[in-house]
Each structure stands twice: as structure tokens, then as C-alpha cells.
Amino acid sequence: MLRKNNNFVVDAGTQLSPKKKRKSAPSQEALGLPQRKDEEESYLESKVFGGENLLLDTLLEKRLTSQHTEVKDSEIIKEGLLEEERPKPVWQDEDDSNSERNTIENEQDSGREKARQLQFERALGPRPSWALLKSERLQEQSDSDDESEEETFIPLSRRTGTYLTSSASLPKGHLDFQICNDANISRRNKKFVSSVEFHKTAQVILVAGYDQTLSLFQVDGKQNAAIQSIFLENFPIYSAHFSADGNEVIMSSEFKWFYSFDMMTGKVHKIPQIKGVPERSFPLFRVSPDGKLLAFRGKCGNIYLVSAKSKEYISTFKGNGRMMDLCFSSDGSRLFSVGDECKVYVWDVNNRRCVHMFEDDGCTLGTSISASDNGQYIAVGSDSGIVNLYDQGCFEKTRPTPLKIIKNLTTNVTATKFAPSNEILGIASRLESNAVKMIHLPSYEAFPNFGDSKLNFVRCATAIDFSPNSGYLCLGSSKERALLFRLKHYSSY
């Protein structure tokens, strides 16, 4: 801070040394400052405003600018106010320079954010209405009103529901498929692949694993270009799933916290813990198809229901023994779980209670469970390699007889998955190389050509998923690969 003292300028924060004799203040003439008050004011005006005449011109210019909302640079040049003719300021505030630099950096960040958003919109379609600003929603509504009589354009990525499949049902005996380039060929995982999942409305697949990385790829069967990769330090991903609306990816691990990745904004959010839940690890969870809940498997038979939107704890299902796997029904109204007591629990999600329980035939330890999209089948896998296939009759009996006892595996069944067409059941074990089979429905017979010597490169299959119209199959592998297959019977994704 500067103050005037004995006709010269002194920094208010400066301390004069008491040991040295203070020198007399230099005169104004020696400093080049005006000696009289009028001269001093004229001097300051000339330095700050460029002189009295230029000050009047500046005020006049501002007045004209306020009367005319737009003044072009060419008009200012015509008046003779060229940049080089204007007096330069005596000093420049560093804060202003920092502000200008921050503005430039913010514009660059904004450009990168828009580029990322455009990349996702190309893959996933336009942002939903809730993700738009108020001004953008109003503009969108205005545009829709103006174009109400025109044909509505729907992006290709949003039209997956209109794909046509073959009119004939899938034949048994031989599965017609093509081996494609790996889904993660453009960015290999460095460790065990724990999760693979297709997006429900866009030709996108997620691949996540123990290398602490989530990657999204555009599925075309050839290049499978990488869209985005997210690295979570010290967080090996055990489970990863898309949200029901497809705008978010949730990831869990061996810790009490978990992460969500917003694909519309490109931001990662950490949920420190589920308040009210004492668990320290959440290696497995499922997403309800209706988009309302996340179900986390806990210890001692506990299953924790969490709001998919707020990530807050809602309720707990308590079973006997230890739960090994769980899955939702296609409408999200039921939750099925199986555990070390070889009993299958049927939970009413809305009423928060167990409505039925039945024993899995011949089971010693239940390890995997899956439900078909049409609600017709329930598949239960065990540590012996047996997979029991049930129909809806299992909900009426405590000891139902399986429709089919599938004995194609000999080690712990770690993955079961129905194709959306309800014509294929995929089963696999990560404990043995090439232990993966595709079961035809409703003949309940395994396709002999899938899983033969030609597929030795599969090694240990860790995860299974089918694309929304069953056109693609993906197998996660312990050898850092996400193997992709084209099922030719189905016309597309």
C-alpha cells in the first residue's frame, strides 16, 4: 500500500532501519513530479486517462457506445482511435493478467469437454432432457415446435430396438458364429478381465478388470475403437455395470466405497461408503432393470438395497448362510439369490420380504444364478459344474424338479447368462481353460462346435454377455482379452 509522506511516496509495509540515519526526502523536482497541486493533478490525469482532452474524448465515446448497442472496430478506427495511438497504461495489474490466462485455460478446458461430450453423443445419441440447461431445453422445445410437421430423425445408436432378427427360431446342433477382433483390441487390459457388458441402446461395450481400468469401446466387430478409458488408482474393479438408462457406469471392488462414471459429463464420482451399512467390501452388485435399485452382496447372507439415483441405503434382505450370487427379474420386481445352503431365495423388491424359497436339486454349493428376459427360465450353477434349469414351476414348490440338468462343465460354475432372444444360455467356469458352453433353448443341448479345439484361445472365461438383440457375444478372459463373436443367426446388434 502506498501513502504520501513529506511530499514523496513510501511503501506502507516498508520498515526503516533504526541503525542507519534516515536520509532527507528528495525534492519533487528531483523525482520528476510536478511542484504545484494543479500540475500534480494534471500529471496524474495524463498518466491515468491520457490527459484532459483524451479523457473528454473517452467519456464521449462511452456515451455514444451506450446509445448504440453495437460499435464495430472499423467505426472506432474511422474516428482515429487506433490501438497504437492510445496511451499505454503506467502499470499493469498481475491479477488481470492471471484472469486473462485463466479465461484462456477455461476456454481450452471447455473445448476439451465439448469434444468429449460430442464423442459420447456420437456413440450414445444426444443428451437426455434432464442433462440440458434451461436455455437449451427451451431452445430444443422451440425447435421441435417449428419442425413438428417434419419427419423426426432418430440417431442410429438409438434405433437398436428396431433391428430385425431372423423370423425362424435358432436351430439346434450347430451355432453359426464368426470370431471377431477382440472388443478391447484397441486398448488391451493388463490384468484379469472381470466385467464385460453391452450397452442397451448403443453399439458400445464396457470392459473392466483388475488393472484398475474401465474402458468403453464402439462395437463394429473390426476396429472396435476405444471411446474412453478411466483409471481408478488402487481400485481393482471386481464388478462394473451400466445404469438402467445407460448414462452411467457403476464400479465396485474389495472396498467399502465405490465409483460411478457419468458418461454425459465425463466425470467420475466417488461414493465413500453406504451410510448405515457396516460392510467393508462390495465385490459384487446388480442393477435393477427398472433403474430404481442397486443390490450389493454383503456378508452373512445380507443383501443391501441402495437407491440407484442417490446412492443411499434403503433396506436389507437377510438370508441364511452366505450369498454367492444374485440377479433381478426382467421387470425388477423380484430379486433371486443363491448361496452355500443351496437354497434359492425369491425376494419381493417392493414389499421388502422373502416370498418364496426352494432347494436347488443335488446342489452342494450354489455359485451362480441367472433369469431369462421373458421370465420363463431360471438357471442355477453349483461348485460341482452342474447347472440346473428351472421353469416358473419352481416358484410353487420347495423342491422342484429341474427341466434339465446340464453337465457340460466339471468345475465351479462362475458365470451364467441368457441371451435376450431367450434361445441361448451361456455357462462358464473361470477355474478351467476353455470351460465355456452355449446351451440351445428349448432343446437344452449344448452346441458342439462352440467350445471345441478351435476356441482354445478362450482360456479361462471370466464373464459372459450378449448384445441387446443377441447379435454379438462377448467373453471376458483371464488373459486380458475381451473375446467378441458375431452370432450370424441374428441380423445385427
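The values are calculated or read from the model by the stated rules, or taken from the named source; none is laboratory data. Bear in mind that the values here come from a model prediction, so they are computed numbers and not experimental data. Methodologically, a virtual Cβ is constructed for each residue, glycine included, from the backbone with ideal geometry; neighbour enumeration extends over all protein chains shown. Remember, those area values only see protein heavy atoms, side chains included, never the ligands or the DNA or RNA. Shrake-Rupley method; radii C 1.70, N 1.55, O 1.52, S 1.80 Å.
Structural remarks
- Of all residues in the range 247-288, those being closer than 25 Å to Arg334 by Cα, open to solvent by 40 Å² or more (accessible area, probe 1.4 Å) and over 17 Å from the mean Cα position of the chain (by Cα) number 3.
- Among all residues of the range 390-399, there is at least one that is surrounded by 18 or more Cβ atoms within 10 Å (Cβ to Cβ) and more than 26 Å from Tyr493 (Cα to Cα).
- Restricting attention to the range 328-338, the residues being under 27 Å from the mean Cα position of the chain (by Cα) and part of a strand (DSSP E or B) number 5.
- Those strands (runs of 3 or more DSSP E) lying entirely in the range 387-453 with at least 3 residues touching an Asp or Glu at 6+ places or on another chain (Cβ under 9 Å): 415-418
- Count of the range 313-327 residues, restricted to those that are within 32 Å of the chain's Cα centre (by Cα) and open to solvent by 20 Å² or more (accessible area, probe 1.4 Å), is 7.
- Within the span defined as the range 466-473, every residue fails to be more than 29 Å from the chain's Cα centre (by Cα) and touching a residue at least 24 places away in the same chain (Cβ under 8 Å).
- So Ala463, is it closer than 17 Å to Gly381 by Cα, at pLDDT below 95 and open to solvent by less than 30 Å² (accessible area, probe 1.4 Å): no
- Of the residues Tyr345, Tyr377, Tyr444, the single one that is touching a Phe, Trp or Tyr at 6+ places or on another chain (Cβ under 8 Å) and under 29 Å from Ala168 (Cβ atoms) is Tyr377.
- Check on Asn224, open to solvent by less than 20 Å² (accessible area, probe 1.4 Å) and at pLDDT below 95: no
- Residue in the range 339-354 that is more than 21 Å from Lys299 (Cα to Cα), open to solvent by 10 Å² or more (accessible area, probe 1.4 Å) and outside any strand (DSSP E or B) present: yes
- Candidate set from the range 198-211 (those that are under 21 Å from Thr265 (Cβ atoms) and assigned to a loop (DSSP other than H, G, I, E, B)); member that is most open to solvent (accessible area, probe 1.4 Å): Lys200
- The lone exception for Tyr238 - which of (1) touching a strand residue (DSSP E or B) at 6+ places or on another chain (Cβ under 8 Å); (2) within 24 Å of Leu293 (Cα to Cα); (3) loosely packed, with under 15 Cβ neighbours inside 10 Å it fails: (3)
- Residue match in the range 171-178 (condition: more than 25 Å from Ser492 (Cα to Cα), exposed (fewer than 11 other Cβ atoms within 10 Å of the Cβ) and at pLDDT 50 or above): no
- Looking only at residues of the range 289-312 that are open to solvent by 20 Å² or more (accessible area, probe 1.4 Å) and outside any loop (DSSP other than H, G, I, E, B), we find that the one that is farthest from Arg352 (Cα to Cα) is Arg297.
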